[in-house]
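Below is one structure, written out as structure tokens; comments come after it.
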Amino acid sequence: MKINQPKSVLTGFLLRFVGLQFVAFVLAIILIVFGYTLVTRTYVRFQASQVMDVMLAVREYTSRKINPLIAPINASSEEAFMPEAVPSYSATKVFEYLRLNNAYADFQYREASLNPTSPSDRANANEAEIISRFENNPRLREVNGILTDNSDHSQYFLAKPIRLSKESCLSCHSTPDRAPKSQLIAYGDKNGFGWKLGDVVGAQIVSLPIDSGLPSPSRFVLLLVLAVGLMSLALVVVGKRFFESLIARPLRQILRLASNESYESEDSLKHLRQRADEFGSLSRWIFKLREELKRR
Ligand code: HEC
């Protein structure tokens, strides 16, 4: 009795195994990229909000501790205005020093206004839009998002409204006649006035590259694809070996036992019959069957 050489089960197994691996691979990449984006966004947001908190504290410190010391000097002096009394000035200055630290070199901090005292604080189009969102929605405490500009590095931004909530601000921002003369000499009497208590007068905006302090998503994905790809390849090689020795080889031996006349002479076929597993039982059955066929 001759049996034609069948198609190997190993090929079928490997095809399914590799197919399954591929699907798992694609799913894993999608999941990890999604997770990575979430983690980077949280991390970047965390960094921005920390800087924002520090800047708020500097503003507060200037209002409470420095302004009362310097305001009288500015008020009586006809000479150069001492901007150290101004919360906005101290916050932006402290930030300049913070940026000297390499870890913060990519960060930006702005106190943007539509009617700024200092021309450098004039809001650009993006900033103006953020400020008008705060003006239109008094309950909005924070806005964040992505700023895309012409460069290929997208910026994450976190913004908070600056509301004129203290009487002390009015001495410099209500009408020019209330402001220190030295301020008028330094900044003029046209801008940064006419503000009222409760107004949104500007926005604090912290921005930083979206991938600040992290490997860029494209590099991360490349590394990931390489790592998972190599692992899958290793799994296929190891899986093939296991399958070959555990299933494919004993199956081929059983096939020989069923078809080959000279099975008594083959050691491996004798061993097969001594196995305790399913292959052993199957080969013992085939052996018995052949003995019976022979007797007839
Ligand atoms: C001593 C006068 C003075 C006081 C008090 C003061 N400011 Fe100002 N403010 C200024 C000057 C001058 C500038 C411009 C500083 C600079 O050169 O960066 C400024 C800048 C700002 C800016 C940035 C936009 C712009 O106008 O250039 C905001 C916002 C602001 N002040 C809000 C406030 C608020 C809110 C308070 C109260 C907590 C306050 N200021 C108190 C004088 C003052």
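Out of Asp189, Asp177, which single residue is more than 10 Å from the ligand (Cβ to nearest atom), among the charged types (D, E, K, R), part of a helix (DSSP H, G or I) and in the same structural domain as Met55 (by TED's automatic domain parsing)?
Criteria check complete, one pass: Asp177.
Let me confirm something: among Tyr109, Tyr89, which residue is part of a helix (DSSP H, G or I) and within 30 Å of Leu184 (Cα to Cα)?
Numbers: Tyr109 fails: part of a helix (DSSP H, G or I).
Tyr89 is the lone residue from the list that is part of a helix (DSSP H, G or I) and within 30 Å of Leu184 (Cα to Cα).
For every residue, the table says whether it meets (1) crowded, with 16+ Cβ neighbours inside 10 Å; (2) not aromatic (Phe, Trp, Tyr).
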{"position": "Phe13", "(1), (2)": "yes, no"}
{"position": "Leu27", "(1), (2)": "no, yes"}
{"position": "Tyr43", "(1), (2)": "no, no"}
{"position": "Ala80", "(1), (2)": "no, yes"}
{"position": "Ala85", "(1), (2)": "yes, yes"}
{"position": "Ser88", "(1), (2)": "yes, yes"}
{"position": "Ala91", "(1), (2)": "yes, yes"}
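Could you figure out which of (1) near the ligand (Cβ under 7 Å from one of its atoms); (2) closer than 17 Å to Ala203 by Cβ isn't true of Pro83?
Single failed check for Pro83: (2).
Kindly provide the set of residues from region 106-139 that are more than 16 Å from the ligand (Cβ to nearest atom) and open to solvent by less than 40 Å² (accessible area, probe 1.4 Å), ordered by number.
Once the filter is applied, which keeps residues that are more than 16 Å from the ligand (Cβ to nearest atom) and open to solvent by less than 40 Å² (accessible area, probe 1.4 Å), region 106-139 yields only Phe107.
Which of the residues that make up region 185-208 are open to solvent by 50 Å² or more (accessible area, probe 1.4 Å) and either in contact with a Gly (Cβ under 8 Å, 6 or more places away or on another chain) or among the aliphatic types (A, V, I, L, M) (or both)?
Ile185, Ala186, Leu197
So how many residues does region 150-162 have that are within 15 Å of Ser113 (Cβ to Cβ) and more than 7 Å from the ligand (Cβ to nearest atom)?
Going through region 150-162 one residue at a time, the tally reaches 3.
Could you tell me how many of the residues in region 152-168 are open to solvent by 40 Å² or more (accessible area, probe 1.4 Å) and not in a strand (DSSP E or B)?
Total satisfying the criteria: 6.
If you take just the helices (runs of 4 or more DSSP H) that sit entirely in region 206-296, which of them hold at least 1 residues that are within 45 Å of the chain's Cα centre (by Cα) and not small (Gly, Ala, Ser)?
Filter on region 206-296 gives 217-243.
The values are calculated or read from the model by the stated rules, or taken from the named source; none is laboratory data. In this text the structure is predicted, and so the values were computed from the model without any measurement. All Cβ positions, glycine included, derive from the backbone under ideal geometry; neighbour counts span all protein chains shown. We work out accessible area using only protein heavy atoms, side chains counted, and drop any ligands, DNA or RNA first. Shrake-Rupley method; radii C 1.70, N 1.55, O 1.52, S 1.80 Å.
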